[in-house]
Amino acid sequence: MFANIPVSDKFSIQPELIFSQQGSKKEYNYRTSSGKYRITQHYDYSTTLNYLSLPVMVQYNILPKLYVEAGPELGYLPGGRTKGDLTTIETTRNSVTVDRTEHISKNISTGLFNRFNM
């Protein structure tokens, strides 16, 4: 969702509201042995993060249908999910540590675009 607000013939401001879903999938195998003990671990997990972003872009029209834009972007992480499995064979202790996730992001966005009539 966005609104394009012309300021002059060459400049306009475009605030946007964007929902995006980002994530990753990781598989990892770990093997070690010490004396009579052997430890084999298999990690398989995925992370899904839901972001709500509010970029405010300043656009400069180079030509009537060609423009560049740049501006700040504020993002908020309302939620996310990490799920997965840890399989351990012949061990006395197992654990999975999930890093702390920041809930606010700050970015600078830029772009070069061409307008087409459809």
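The values are calculated or read from the model by the stated rules, or taken from the named source; none is laboratory data. Values in this document were obtained by computation on a predicted structure and should not be read as measured data. The accessibility values were calculated without ligands, DNA or RNA, using every heavy atom of the protein model including side chains. Shrake-Rupley method; radii C 1.70, N 1.55, O 1.52, S 1.80 Å.
For the reader, a short list of remarks on this structure follows.
- Computed in the context of the full set of protein chains, the accessible area of the stretch 22-65 at 1.4 Å probe radius has 54% of its extent on carbon or sulfur.
- Entry comment: accessible area of the stretch 1-92 is 72 Å² per residue, from protein heavy atoms only and a probe of 1.4 Å.
- The stretch 26-83 - Kirkwood radius from inverse mean 1/r over Cα pairs (Å): 16.4
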